[in-house]
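Trainee: Below is one structure. I have some questions about it.
The values are calculated or read from the model by the stated rules, or taken from the named source; none is laboratory data. For clarity, every value in this text was computed on a predicted model and none was experimentally measured. Cβ atoms come from the backbone with ideal geometry, glycine included; neighbour counts cover every protein chain shown.
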Amino acid sequence: MAKDPVLVVFQLTGGNDYLNTIIPRNNPLYRDYRKLVVIPEGEEIPIDDDYGFHPEMAPLKPFWDEGKMALIHGIGYENSPRSHFRSMDIWHTCEPDKVGTEGWVGRVIKTVDPNKDNVLTGVNFGQGLPRAMALPGVPVASVSDIENYGVLTGITAEDQRARALERFARMYSPAIGRGPVMDYLGQTGLDALKGADILKTAPEKYSSTVEYAATPIAQKLRGIAMVHLANLGTRVFYTQHASFDTHASQMPGHQQLWKDCSAAISDFFADLREHDAADNVVMIMFTEFGRRVRDNGSGTDHGAGGVAFAIGDPVKGGHYSEYPSLKLEDLQEGDLVPNYDFRGFYSSLLEQHMGLDPTEIVDGTFEQLDFIRK
Amino acid sequence: MAGKDIALMAHLMRRAGFGATYEELEARAAKGYEATVEELLEPDANGVPEYDELTLARYFPDMEVPSAPALGTANFMYHLYTTPRPLVEKMTLFWHMLFATGNSKVDNPPEMLQQIEMFRQHGMGNYKELLMGVAKDPSMIFWLDNNQNHKLAPNENWGRELLELFSMGQGNYSEDDVKMTARAFTGWTILPKIPRTPYQRHHWKFIYKAEDHDNSEKTFLGHKGNFNGEDIIDIIVDQPATAQFMARHLYNYFVADEVQVPSWLDFPPRDPEAVNAIADTFVKSGFEIKDTLRFLFNSDFFKDESVWFAKVKNPAEVVAGTIRLIGDFKEPRPGVLPIGLEGAYQGQDLINPPSVEGWHTGKEWVDTGSLVRRVNFVADSLSNADMPGVQAIINRLGSNDTLTPEQLVDGCLELLGAIRVEDGTRQQLVDHVKASGEIKRGSSEDEVRAFGQRVTEVLQLIAATREYQFG
Amino acid sequence: MPVTQIATGRAFTYVDNIGQIGASGPTLRHPVGLARGANDILYVANWGTESQPNARITKCVLSTQEWIADIGQPGSGDGEFLWPGGLIADSNENLYLTDQAASKIVSFDKDGNFLAKWGTPGSDQGQLLRPSGLAFDSDENIFISDTRNHRVQKFTKDGTFLSSFGSKGSAEDQFNMPWGIALDKDDNLYVADWGNSRVQKLSHEGSFLQTFGSPGHHKGELDHPSAVAVDKDGDVYIADWANNRVIVFEPDGTFLATLIGDATNLSEWAKGKVAANPDLAKARARADLEPEWRLWHPAALHVGDDYKILIAEAQHMRVQIYQKDPNYFEAQFTL
């Protein structure tokens, strides 16, 4: 039986600097604009005649070389507000013009699992719930520590917690006629226990030769690998790493960010491949906006237009859309002008990888790109 | 130790505040119910200190003028759990939930806190004046696009929500009334702002631009004239629908959970008589919120046991109530950020409601994720025997050297604020205690610690019950 | 555009400002402490933020605004601190900083190497609760504002307790959450008695001598002063924190001048920021920038022997620099 396609959404929170991530290495304008926050000539990792990766992205280079990494250039939307929260909301809700309340990933989960058969169809690794996954009535598990997930995790003594959980289950078991709210709470509590019980099996079953780093992002991706490998039916994973908001001291800061992320991603796919479980997984990386074309002497400020990534075996690698012009006369308020709507990126993934009709999920029809292998 | 007076006081403090320690409940009960209501309503006249904003500013400069939204959230939450005037903050939260303005668009946490401060200053004053304040509030103007409501290009966003969500409720006005409202508020806008960089954000400022105001005649709810925004608010406030709508909101917030607001047109109030009585008081007082609240808290329908625990606590109540109960943050200390975020993780991100309709309340606060979150937060807090509030409970129960399982469970329920649970739940708690053997305080350090653990184990289980999710 | 305040034989002229908002590098974040070193070096203690912890000491060159290093980092380990309350440099240019969160004193050498950390939280003699301002006397013993114990304590530089005075209250030689502290050349002590909205001058042994200011918002009145400094002529500078100004008194308590902040120019660091963001320059051109020029919660003061007056603004992420002319004569108009 063919495996169900799986999507891993990896959010680069804070606004990743496009220019220092995918470096237009032979464009003299790059070095004109970037005096101090610049990748020194020759230190970038060339990926072709025109572009190079940030030096810390070496662990990602093999994906590019194997044709399993797509770069979606100039991605964004019109009238970029340059505000983290508004911009992130737009990416999360696909509503560039008004305040949206429904997350696009939430809609994906609802489409994939309309009857809520699986409480783990969507799993977030991190604290709280990103707005992308928020949709009333759609349960999503949010896991900050997979080894210690569920209710009453503060009780550390194992036997004591087991007894407390047993008691919890009894106290939540619905009795007839206790009122609609009490009954609802009872069901919710039991669902929470069930989800935790299922999720608990993932770290128990897991074994791997891959040794992830101790960084937060590596640990989150390890958690995703555990759940994915446990075959719990999860179709969408979500996680994020912060903070790419590099206004000052960007050179050391951005370097550390890509060092941690690149190693974690590389280990994640190695882990999946070791278990023959990578062929149905696409990871996408996005950020709310790129940064200013000119640096500010120590870092870069909020800009518009960025780069998104799609990585994985189902991906057809290469450049998609176009790197926006760096010419001064083509910039808008000192920013790159985005030339590809992010909803087209989502649509391509949803239709070509997930096999879903994207129209309702992204609220419209947008130009798709062909970065998924047929 | 239990008593009807204390149980009623616990009900009052859960609703008019964020709960109270048992010692506070006893002191207040001794003072009397009506005297407590007066103290909550009239803190100035009763010698209750004002909120100490300067100490907050000194020890939390990052929270006084927050750069990150989470610090703005933390600021509001900090007020909830440190205020000496709980009803002032409870009403501030009420107005925030009603005039729901979100930082996701405003993108200026200090400006959001200015709006919150306005609710704090005027939230127990006159409703008409409050509406005027809201109409001139820069965050609200930006949130509902009134800065784009021009004489030649009206924008209806603010006008519609003023009628639908902030005063009369659906079904009491026409689309034309919306258009007229929008036109009456043209020219109500904000001055160009000082950018947040390179130094720091500064507050936005309201400005009335006469040259951008539509001075033509307008017909609004049957009245005709060259109305400006003030006139619209005058007319709105006089509508019976407004009094009904606000009364139902107050009932829903203070007395018992109603259906969600969008269903109010289709479902009558749970207690129409009570809502009518609140509305009457509201009108007769000239829309004085304090007078209306005085009536509400002293009314039989509020004190009636049938409405005790008839509300699912909102996350702000869960978080602030827990911090107050355990007595944390008596002194300023680092660590305010996770407390603010805790509310967000439980589903109520203060200063950032999901939309202008605010949060859905009642049982919709709870889903699997938020239930786990709230149970764990309360249980973890109550398991910390170093906290003065937890220590007080342990010490009080430890004044008897031995306790039966029933005494331990009933004692914990009582000391957590006269919590009531169903018989089946109580039996489960008792059984749980029984299974762990005899309860004895003892005198050695180990025994005393073990006794404390027996107590906190019960406190944690109570926090995990369904009943504890109600307030 | 230099702005000058003239008062009885003295002039106070705005010179420049240094700073901009940020978490590291050539930026400041809620600056609350100031110290100067040799060769035009300036040290600024930053509170940072809890959401993006970045408490640190910024080391830079005062005149050129060249950023040199970030010293220390947020945390509770060696070389780490939270909630900095005051910063001073000794004669070797070693830096001493109060960590209000841990109730400890942390020291670094001028290159940023961690030296020591001492202090015990508590209320007994020699213990500290949220210590904030600190100052050296002429023997280089440290006086510390022991804020939440409402007293002043004296220690050797390496933390040996020497003496303590004051208690909670509003009488003479009592305190309410004292903050900044300074000594004059005769080793008299000046304490910013924050909660009592006054500055008390005390003898080196702690007996009351004189009060500067009284609660209020009018000329010469104070609202929760945060810092105090005394120049070599004995003029007393008080950071009137909640009134957002600095007040200068003559040694006898006569009011001299009020500095409200005059930062109409961009700092060198801020210039880079505006240059990189064309829409920022446009937005600034549209707005009334006056609120940005003024002082906002001045939290630390330093007046050097060169009469440079430095004011750290906790909410404006910068230091405003004024220059005192001690021998000001009005030029003849007909000159």
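Trainee: Look at segment B:315-342 and say how many of its residues are within 13 Å of chain C (Cβ to nearest Cβ) and assigned to a helix (DSSP H, G or I). Before you say what the answer is, go through the steps one by one.
Mentor: The first filter runs over segment B:315-342 and keeps only residues within 13 Å of chain C (Cβ to nearest Cβ), leaving B:330-341.
Applying the additional criterion that residues be assigned to a helix (DSSP H, G or I) yields B:336-341.
Result for segment B:315-342: 6.
Trainee: Of the residues C:T13, C:T49, C:T27, C:T58, which single one is at pLDDT 95 or above, closer than 19 Å to C:A239 by Cα and not hydrophobic (A, V, I, L, M, F, W, C)?
Mentor: Of the residues listed, the single one that is at pLDDT 95 or above, closer than 19 Å to C:A239 by Cα and not hydrophobic (A, V, I, L, M, F, W, C) is C:T13.
Trainee: Quick one: would you say C:G85 is within 13 Å of another protein chain (Cβ to nearest Cβ), farther than 19 Å from A:S243 by Cβ and touching a His at 6+ places or on another chain (Cβ under 9 Å)?
Mentor: Spelling it out, it is not the case that C:G85 is within 13 Å of another protein chain (Cβ to nearest Cβ), farther than 19 Å from A:S243 by Cβ and touching a His at 6+ places or on another chain (Cβ under 9 Å).
Trainee: Output the residues belonging to segment C:207-234 that are surrounded by 18 or more Cβ atoms within 10 Å (Cβ to Cβ) and small (G, A, S).
Mentor: C:G213, C:G220, C:S226, C:A227, C:A229
Trainee: Return the residues of segment C:57-82 that are assigned to a strand (DSSP E or B), of a type outside the set (D, E) and within 14 Å of chain B (Cβ to nearest Cβ); say none if nothing qualifies.
Mentor: C:P74, C:F81
Trainee: Pick from segment A:282-305 the residues that are within 14 Å of chain C (Cβ to nearest Cβ) and assigned to a strand (DSSP E or B): which of them is surrounded by the fewest Cβ atoms within 10 Å (Cβ to Cβ)?
Mentor: A:H302
Trainee: A:A141 - would you say it is more than 21 Å from A:Y238 (Cα to Cα), out of contact with any Ser or Thr (no Cβ under 7 Å at 6 or more places or on another chain) and of a type in the set (G, A, S)?
Mentor: It is false that A:A141 is more than 21 Å from A:Y238 (Cα to Cα), out of contact with any Ser or Thr (no Cβ under 7 Å at 6 or more places or on another chain) and of a type in the set (G, A, S).
Trainee: Looking at segment B:203-232, which of its residues are exposed (fewer than 14 other Cβ atoms within 10 Å of the Cβ) and small (G, A, S)?
Mentor: Across segment B:203-232, the qualifying residues are B:A210, B:S216, B:G222, B:G225.
Trainee: Follow-up question, since we're still on this one. Which of the residues spanning segment A:319-333 are part of a loop (DSSP other than H, G, I, E, B) and touching a residue at least 40 places away in the same chain (Cβ under 8 Å)?
Mentor: Initial filter on segment A:319-333 (part of a loop (DSSP other than H, G, I, E, B)): A:321-327, A:331, A:333.
Passing the criteria: A:S321, A:E322, A:Y323, A:P324, A:L326, A:K327.
For (1) within 14 Å of another protein chain (Cβ to nearest Cβ); (2) crowded, with 17+ Cβ neighbours inside 10 Å; (3) under 24 Å from the mean Cα position of the chain (by Cα); (4) at pLDDT below 95, each residue gets a yes or a no:
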{"site": "B:R201", "(1), (2), (3), (4)": "yes, yes, no, no"}
{"site": "B:D234", "(1), (2), (3), (4)": "no, no, no, no"}
{"site": "B:P262", "(1), (2), (3), (4)": "yes, no, yes, yes"}
{"site": "B:E288", "(1), (2), (3), (4)": "no, yes, yes, no"}
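Trainee: On to the next question. Does A:A175 satisfy being modelled with pLDDT under 90, facing another protein chain (nearest Cβ under 7 Å) and either over 20 Å from B:R373 (Cα atoms) or under 35 Å from the mean Cα position of the chain (by Cα) (or both)?
Mentor: Considered against the rule, which asks whether it is modelled with pLDDT under 90, facing another protein chain (nearest Cβ under 7 Å) and either over 20 Å from B:R373 (Cα atoms) or under 35 Å from the mean Cα position of the chain (by Cα) (or both), A:A175 comes out as yes.
Trainee: So, one more: If we only count strands (runs of 3 or more DSSP E) wholly inside segment C:176-294, which ones have 2 or more residues that are in contact with a Leu (Cβ under 9 Å, 6 or more places away or on another chain), on the phi < 0 side of the Ramachandran plot and in contact (Cβ under 8 Å) with a residue 12 or more places away in the chain?
Mentor: Numbers: elements: C:181-183, C:189-193, C:198-202, C:208-212, C:227-230, C:236-240, C:245-249, C:255-259.
Those strands (runs of 3 or more DSSP E) span C:181-183, C:189-193, C:198-202, C:208-212, C:227-230, C:236-240, C:245-249.
Trainee: Would you please name the residue that is farthest from B:A20 (Cα to Cα), looking only at residues in segment B:376-392 that are surrounded by fewer than 22 Cβ atoms within 10 Å (Cβ to Cβ) and more than 13 Å from chain A (Cβ to nearest Cβ)?
Mentor: Only one residue fits best here, namely B:D386.
Trainee: If you check A:P114, A:P139, which single one turns out to be assigned to a loop (DSSP other than H, G, I, E, B), at the interface with chain B (Cβ under 8 Å from one of its Cβ atoms) and either surrounded by fewer than 19 Cβ atoms within 10 Å (Cβ to Cβ) or on the phi < 0 side of the Ramachandran plot (or both)?
Mentor: Only one candidate passes the filter, namely A:P139.
Trainee: Pull up segment B:418-471, narrow it to residues that are away from every other protein chain (no Cβ under 13 Å), out of contact with any His (no Cβ under 9 Å at 6 or more places or on another chain) and not in a helix (DSSP H, G or I), then point me to the one that is modelled with the highest pLDDT.
Mentor: Applying the filter and picking the extreme gives B:I419.
Trainee: Moving on. Among the strands (runs of 3 or more DSSP E) confined wholly to segment C:88-149, which include 3 or more residues that are farther than 23 Å from C:K201 by Cβ?
Mentor: By residue number, C:95-99, C:104-108, C:114-118.
Trainee: Having 1 or more residues that are small (G, A, S) and crowded, with 16+ Cβ neighbours inside 10 Å is the bar; report the helices (runs of 4 or more DSSP H) wholly within segment B:7-82 that clear it.
Mentor: Filter on segment B:7-82 gives B:22-31, B:53-59, B:69-82.
Trainee: For segment A:117-130, name all the residues that are more than 8 Å from chain B (Cβ to nearest Cβ) and in contact with a helix residue (DSSP H, G or I) (Cβ under 8 Å, 6 or more places away or on another chain).
Mentor: Residues of segment A:117-130 more than 8 Å from chain B (Cβ to nearest Cβ): A:117-118, A:120-126, A:130.
Once the filter is applied, which keeps residues that are more than 8 Å from chain B (Cβ to nearest Cβ) and in contact with a helix residue (DSSP H, G or I) (Cβ under 8 Å, 6 or more places away or on another chain), segment A:117-130 yields A:L120, A:T121, A:G122, A:V123, A:N124, A:F125, A:G126, A:P130.
Trainee: Let me ask something additional. What about B:I190, is it touching a residue at least 24 places away in the same chain (Cβ under 8 Å), β-branched (V, I, T) and within 14 Å of another protein chain (Cβ to nearest Cβ)?
Mentor: Yes: the conditions hold for B:I190.
Trainee: Let me ask another. Can you give me the number of residues within segment C:291-335 that are over 20 Å from C:Y190 (Cβ atoms), more than 9 Å from chain B (Cβ to nearest Cβ) and not hydroxyl-bearing (S, T, Y)?
Mentor: Within segment C:291-335, residues that are over 20 Å from C:Y190 (Cβ atoms), more than 9 Å from chain B (Cβ to nearest Cβ) and not hydroxyl-bearing (S, T, Y) number 15.
Trainee: Let me confirm something: among A:T246, A:T209, A:T201, A:T239, which residue is over 17 Å from A:N20 (Cβ atoms) and assigned to a loop (DSSP other than H, G, I, E, B)?
Mentor: Result of the check over A:T246, A:T209, A:T201, A:T239: A:T209.
Trainee: Restricting attention to segment B:146-162, does a residue exist that is over 29 Å from the mean Cα position of the chain (by Cα), touching a residue at least 40 places away in the same chain (Cβ under 8 Å) and crowded, with 24+ Cβ neighbours inside 10 Å?
Mentor: Yes: segment B:146-162 contains one or more residues that are over 29 Å from the mean Cα position of the chain (by Cα), touching a residue at least 40 places away in the same chain (Cβ under 8 Å) and crowded, with 24+ Cβ neighbours inside 10 Å.
Trainee: Only one of A:L221, A:L232 is within 27 Å of A:T153 (Cα to Cα), more than 15 Å from the chain's Cα centre (by Cα) and not hydroxyl-bearing (S, T, Y). Can you tell me which?
Mentor: Every option except A:L232 fails the conditions.
Trainee: List pairs: first in segment B:200-213 and over 20 Å from B:A182 (Cα atoms), second of a type in the set (D, E, K, R), Cβ under 7 Å, 6+ apart or cross-chain?
Mentor: B:H202/C:E292; B:H203/B:E111; B:W204/B:E111; B:W204/B:K193
Trainee: Being over 19 Å from C:S24 (Cβ atoms) and either small (G, A, S) or touching a residue at least 24 places away in the same chain (Cβ under 8 Å) (or both), is that true of even one residue in segment A:241-260?
Mentor: no
Trainee: Let me ask something additional. Would you confirm whether any residue within segment A:179-186 is touching a residue at least 24 places away in the same chain (Cβ under 8 Å), out of contact with any Gly (no Cβ under 7 Å at 6 or more places or on another chain) and either within 7 Å of chain B (Cβ to nearest Cβ) or surrounded by 18 or more Cβ atoms within 10 Å (Cβ to Cβ) (or both)? Steps first, please.
Mentor: Narrowing segment A:179-186 to residues touching a residue at least 24 places away in the same chain (Cβ under 8 Å): none.
Taking every residue of segment A:179-186 in turn, none turns out to be touching a residue at least 24 places away in the same chain (Cβ under 8 Å), out of contact with any Gly (no Cβ under 7 Å at 6 or more places or on another chain) and either within 7 Å of chain B (Cβ to nearest Cβ) or surrounded by 18 or more Cβ atoms within 10 Å (Cβ to Cβ) (or both).
Trainee: Just wondering, is there one or more residues in segment B:344-365 that are in a loop (DSSP other than H, G, I, E, B) and more than 14 Å from chain A (Cβ to nearest Cβ)?
Mentor: In the first step, residues of segment B:344-365 are kept if they are in a loop (DSSP other than H, G, I, E, B); the result is B:346-361.
Filter once more, keeping what is more than 14 Å from chain A (Cβ to nearest Cβ): none.
The answer is no; no qualifying residue exists.
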